[in-house]
């Protein structure tokens, strides 16, 4: 599976849609598949400090713990600058470790990845 890569795109702030891209990215990493998670649109709301800590579904750890584990595994979590501007966030604090990137980055990542999954 050398050279395989998957891009997971999170577009929603719906709590029940938050876990899948993180779990799948962590699973891909365990399978030696390069994974990246890209937050777009309303999905950015979850990345404000305090928001992810409030979400815990079923027997899973809190969403913040899942995000932190994803980052700790070396999986990049990227944030769309244009979406940040769309939300009116000129200056905003986000969870440490996420990286703000330009909108064109999503196009580049999608072209480079073997597959992309949207949530």
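Descriptive notes on the structure:
- Gaussian network model of the chain, Cα within-10 Å springs - most flexible of 43, 88, 97: 88
- The mean sequence distance of close C-alpha pairs (under 8 Å, at least 6 residues apart), as a share of the length of the chain, puts its relative contact order at 35 percent.
- Convex hull of Cα atoms in region 61-119, direction-averaged projection (nm²): 5.0
- The ratio of the alpha-carbon radius of gyration of region 5-118 to the globular-protein estimate 2.2 N^0.38 Å is 0.99.
Each value in this text was obtained by applying a stated rule to the coordinates, not by laboratory testing. This is a predicted model, so every value here is computed, not measured.
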